[in-house]
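Below is one structure, written out as structure tokens; the observations come after it.
The values are calculated or read from the model by the stated rules, or taken from the named source; none is laboratory data. All values derive from a computational prediction rather than experimental measurement. Positions of Cβ are generated from backbone atoms using ideal geometry, with glycine treated the same way; all protein chains shown enter the neighbour counts. These accessible areas exclude ligands, DNA and RNA; they are computed on the full protein's heavy atoms, side chains included. Shrake-Rupley method; radii C 1.70, N 1.55, O 1.52, S 1.80 Å.
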Amino acid sequence: MSENKEKMVSVYAEANPNPESMKFVMNQQLLPDGQSVDYPNVESALESPLAQELFNFDYVSRVFIASNFVTVTKSADLEWVKLIPELRTFLKSYIEAGGPIFNEGFSAKKAVATEANGETSAEDAEIAKKVIDLLDNYVRPAVEQDGGNITFKSYNEGVVTVHLQGSCSGCPSATVTLKAGIENLLKRMVPQVKEVVADGVTI
């Protein structure tokens, strides 16, 4: 008896603050909640057949995969209105056909706080924990709504460093969000925080 049950996948496009990115949301879980992967180029996407297929579209410059959505960043000078139908059709067909999202044995790493040099004081470690809780509970859900992700990188002498992924990477409004939104929230809730900076983003 055939096991080939048709599973209908719905995919819809959702704009976000980055005009070069589009979030494609589906009724299908791609990764466990809280996990995500960001592929800035095809070379970094060896573990994901889905991302590699997306990079075959010559206008795709970045692919970000999270719980139930894929954020695609395009090269400039192309209108989304022409690209969305093609990408929606591809994603729907690929997922419905049971195409592999990741290679066997792949596991996405959950965002965890690690201090590279291991010389964190007990006080700094406590502050970092508070910051991570705030990012996880208040900031990340909002950033995911916009097709991106934020992860904690380090805390050092009042400066919180975060890593932006997906649509947030290269987004013109990411700096404003970082300074006006995230930095204000963290300063208010954790008085020791003086500044929030994004890894690789120049202010």
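What about K153, is it part of a strand (DSSP E or B), open to solvent by 60 Å² or more (accessible area, probe 1.4 Å) and modelled with pLDDT of 70 or more? For K153, the condition - part of a strand (DSSP E or B), open to solvent by 60 Å² or more (accessible area, probe 1.4 Å) and modelled with pLDDT of 70 or more - is met.
Every residue in region 1-39 that is part of a loop (DSSP other than H, G, I, E, B), in contact (Cβ under 8 Å) with a residue 12 or more places away in the chain and over 14 Å from the mean Cα position of the chain (by Cα), please. E6, K7, M8, V9, S10, P19, E20, N27, Q28, Q29 - these are the residues of region 1-39 that are part of a loop (DSSP other than H, G, I, E, B), in contact (Cβ under 8 Å) with a residue 12 or more places away in the chain and over 14 Å from the mean Cα position of the chain (by Cα). Taking the criterion of being in a helix (DSSP H, G or I) and under 22 Å from the mean Cα position of the chain (by Cα), the residues of region 71-84 that qualify are W80, L83, I84. Checked against (1) out of contact with any His (no Cβ under 8 Å at 6 or more places or on another chain); (2) at pLDDT below 85; (3) assigned to a loop (DSSP other than H, G, I, E, B), V193 meets all criteria but (2).
Residues in region 40-52: is at least one assigned to a helix (DSSP H, G or I), modelled with pLDDT of 95 or more and of a type outside the set (A, V, I, L, M)?
Yes - at least one qualifying residue is present in region 40-52.
Checking the condition at pLDDT below 90 and within 30 Å of K187 (Cβ to Cβ), which residue from G34, G105 passes? None of the others qualify; the one that does is G34.
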